[in-house]
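Before any comments, here is the structure.
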Amino acid sequence: MPRAPQTVRSERTREALRRAALVRFLAQGVEQTSAEQIAADAGVSLRTFYRHFNSKHDLLFADYDAGLQWFRKALADRPAGEPLVESVQAAIFAFPYDVEAVTQIARLRSGELDPTRIVQHMREVQSDFADAVLDHVGRRHPDADELAVTVTARCVAAAVFAGMEVWMRQDDRNLADLATLCRDALESVTAGLPVS
């Protein structure tokens, strides 16, 4: 089903703003960059900027929003009989990551933002991620116990984000390490609690 022109245009605008912000942030720092500069670099008005983002800091997390939409679709496309952890791993790594941009944004977030702000946003994204897994499991097992489905979804999300959290604390980050950490975290969920 083709997307509505407004949605396509909106996605292009958000991507243009995200890329313009990344270039500016890397060149002059987050705090030295204004929303006006980002909007001008992306070829849009300041009003359009604020239609898409509440602040310039939100652009440091725009990759999560795009990734979550991609994740939901990739998860829905997984084979019906596939185990949940395999489906989640495959959906995560189906995203066409721009390796350099992901590492640069992670470095910017950890270097220029208050850790409390990062943790708060990560918790929001983790909750959205868990909701995506919950929807997926609910569709696959409509008669399953609601508590069991909810616990499963929240545990899977917690494992993925624990891997991400450890990765973000590393000095030398690369996507291969992130993939390994997420895989290991998900395997620990299927194996049972690693620490009792």
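Looking only at the range 78-114, residues that are more than 17 Å from Val160 (Cα to Cα), exposed (fewer than 14 other Cβ atoms within 10 Å of the Cβ) and at pLDDT 80 or above come to 4 in all. Listed by position, the helices (runs of 4 or more DSSP H) contained in the range 1-95 that have at least 2 residues being touching a residue at least 24 places away in the same chain (Cβ under 8 Å) and outside the structural domain of Cys182 (by TED's automatic domain parsing) are 5-28, 46-52.
Every listed requirement among (1) modelled with pLDDT under 90; (2) assigned by TED's automatic domain parsing to the domain that holds Ile92 is met by Ala158 save one, (1). Scanning the range 157-184 for residues that are within 25 Å of His136 (Cβ to Cβ) and not hydrophobic (A, V, I, L, M, F, W, C) returns Gly163, Glu165, Thr180, Arg183, Asp184.
Scanning the range 144-166 for residues that are in contact (Cβ under 8 Å) with a residue 40 or more places away in the chain and under 17 Å from the mean Cα position of the chain (by Cα) yields Val156, Val160, Met164, Glu165.
Just so you know, in the range 136-148 the residues that are surrounded by 14 or more Cβ atoms within 10 Å (Cβ to Cβ) and not hydrophobic (A, V, I, L, M, F, W, C) include one that is modelled with the highest pLDDT, and it is His136. The condition (being surrounded by fewer than 16 Cβ atoms within 10 Å (Cβ to Cβ) and under 30 Å from Ser10 (Cβ atoms)) is satisfied by just one residue among Val133, Val119: Val119. For the range 153-192, which positions are of a type in the set (Gly, Ala, Ser) and in contact with a helix residue (DSSP H, G or I) (Cβ under 6 Å, 6 or more places away or on another chain)? Listed by number, the residues that qualify are Ala153, Ala157, Ala159, Ala162, Gly163, Ala185. Put simply, of Leu46, Leu84 the only residue that is within 24 Å of Cys182 (Cβ to Cβ) and either charged (D, E, K, R) or touching a helix residue (DSSP H, G or I) at 6+ places or on another chain (Cβ under 9 Å) (or both) is Leu84.
The values are calculated or read from the model by the stated rules, or taken from the named source; none is laboratory data. Bear in mind that the values here come from a model prediction, so they are computed numbers and not experimental data. No Cβ is skipped: glycine too gets one built from the backbone with ideal geometry, and neighbour counts run over all protein chains shown.
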